[in-house]
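Please read the structure below before turning to the comments.
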Amino acid sequence: MPRVEDVLNQADINSYITQRDFPLTVGDALFPQRKTEDFKVKYILGANGAPVSASVHAHDTEAQVASREGFDEFEQDMALIKRKIQMKEELIIMLSKAGHDAEITQLINLIYNDVDNMRNAVQTRIEAMRFEALSTGKITLNENGLEDIVIDYSVPTEHQETLSGTNLWTDSQAKPLDDIDRFVDKIVESTGDRPTRILTSSKVFNALKRHDSVRSAFHGVNSARLLTNAELNSFLQAQGLPSIATDDRRYRVQLNKNKYVTKRFFPEDKLVAMPSEALGETLYGVTAEEVKMRNMHNSAFQNFGNIIVQQYATDDPVAEWTKAVAKSLPSFPAANRVFIASVLGNGNPGGGVEG
């Protein structure tokens with residue numbers, strides 16, 4: 001009569017998590033992952049990329065003293081993210097009656113599914129933080145004992161704009177190409193760097209390519225022909241403007257036992273112009289769970305990966321638990337080199353559909 005811990009132990013789970021090839025996300029490309037032993041996220045804010053001119057001096061005068069740019073430090077505690085799922089008494093009893101290999105395999109697969117689901121839940125929260133930082137310049141934590149904790153990455157106010165009235169891209173009088181020119185020029189003017197890409201939603205992209213002013217710029221004044229995504233990006237690049245990619249992925253947040261709310265990773269009404277390279281890193285710290293596991297006498301692992309997964313038992317009530325946990329936070333040293341614009345007005349920027 002097999003027990004859960006007999007067919008799958010902590011070493012098996014550690015090996016599985018560290019060797020499992022989980023697919024990379026969009027956030028992994030923008031904020032690559034890195035494990036650190038530090039407890040805080042620390043980095044130097046990005047310097048202005050425009051060259052600084054020396055001054056002309058008269059003979060026998062002291063040289064002008066330069067300021068050292070890009071040495072404003074950002075420091076912030078990492079966020080503790082975790083989720084667990086319970087295998088209750090009735091299921092434990094049923095699984096304990098597994099008498100042949102197929103039933104034991106079913107037990108192992110059930111636990112591995114829990115491992116994947118809990119690990120992916122933690123990864124989803126980290127992905128949401130990345131895109132909140134990118135699309136707002138801030139992360140707000142207001143859950144599970146944290147009340148209105150705001151992490152501000154200091155995106156300059158002049159690099160943020162909310163359009164309104166006839167300037168909204170859904171209005172026939174709007175001039176979206178002029179807006180993109182202005183967004184790009186502002187970054188060039190203040191940093192010396194030219195954004196090469198824009199991330200937005202399909203709703204924004206469609207509003208842009210279907211706008212009369214954009215279609216007439218590409219096809220001519222009297223043409224009713226619509227642009228394709230490829231045509232619009234080719235046109236933008238020919239004008240020295242960033243190419244556009246879209247992200248419409250969604251995730252769910254559990255409100256209570258049976259109710260969820262669906263949200264977007266990237267807001268539906270916004271666009272962000274950004275440089276071609278990574279914007280920062282997704283830093284992972286050491287959790288208390290990892291410290292404890294490292295100190296276990298029978299631990300065969302020292303590298304537990306970025307997200308720790310544990311399988312453990314409780315006695316009253318009897319239960320088996322699978323828990324995933326990480327300490328993580330994105331760094332954003334390129335925060336002064338992005339432009340965040342809301343171009344469609346209000347609506348449903350971050351999602352929030354209950355189901």
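The values are calculated or read from the model by the stated rules, or taken from the named source; none is laboratory data. What you see is a predicted model, and the numbers here were worked out from it, not measured in a lab. Glycine gets a Cβ as well: all are built from the backbone with ideal geometry, and neighbour counts include every protein chain shown.
Which one of these does Asp181 not meet: (1) assigned to a helix (DSSP H, G or I); (2) closer than 30 Å to Lys327 by Cβ; (3) of a type in the set (Asp, Glu)?
(2) is the only condition that Asp181 fails.
Within the stretch 109-148, restricting attention to residues that are crowded, with 21+ Cβ neighbours inside 10 Å and basic (Lys, Arg), which residue is nearest to the chain's Cα centre (by Cα)?
My answer is Arg130.
Return the residue satisfying two criteria in turn: it lies in the stretch 189-202 and is over 20 Å from the mean Cα position of the chain (by Cα) and outside any loop (DSSP other than H, G, I, E, B), and of such residues it is surrounded by the most Cβ atoms within 10 Å (Cβ to Cβ).
Restricting attention to the stretch 189-202, the residues satisfying the condition of being over 20 Å from the mean Cα position of the chain (by Cα) are 189-194.
Narrowing further to those that are outside any loop (DSSP other than H, G, I, E, B): 189-191.
Details: Glu189: 10, Ser190: 17, Thr191: 21.
This residue is Thr191.
Any residue in the stretch 142-158 that is within 16 Å of Ser331 (Cβ to Cβ) and at pLDDT 85 or above sitting within a Cβ distance under 6 Å of a residue that is among the charged types (D, E, K, R) and outside any loop (DSSP other than H, G, I, E, B)? List the pairs, counting only those 6 or more apart or interchain.
Note: pairs meeting the criteria are Asp152/Lys138.
Conditions first: (1) farther than 20 Å from Pro267 by Cβ; (2) under 30 Å from the mean Cα position of the chain (by Cα); (3) not in a loop (DSSP other than H, G, I, E, B); (4) not polar (S, T, N, Q). Gly240 passes all but one, so which condition is the exception?
(3)
Suppose the filter is polar (S, T, N, Q), under 21 Å from Asp171 (Cβ atoms) and in a helix (DSSP H, G or I); does Ser216 pass it?
Considered against the rule, which asks whether it is polar (S, T, N, Q), under 21 Å from Asp171 (Cβ atoms) and in a helix (DSSP H, G or I), Ser216 comes out as yes.
Within the stretch 315-355, count every residue that is at pLDDT below 80 and in a strand (DSSP E or B).
4
Looking only at the stretch 255-265, decide whether some residue is crowded, with 21+ Cβ neighbours inside 10 Å, over 20 Å from the mean Cα position of the chain (by Cα) and at pLDDT 95 or above.
The answer is no, given that none of the residues of the stretch 255-265 is crowded, with 21+ Cβ neighbours inside 10 Å, over 20 Å from the mean Cα position of the chain (by Cα) and at pLDDT 95 or above.
Does Arg250 meet the test of being in contact (Cβ under 8 Å) with a residue 12 or more places away in the chain and loosely packed, with under 14 Cβ neighbours inside 10 Å?
Criteria met by Arg250.
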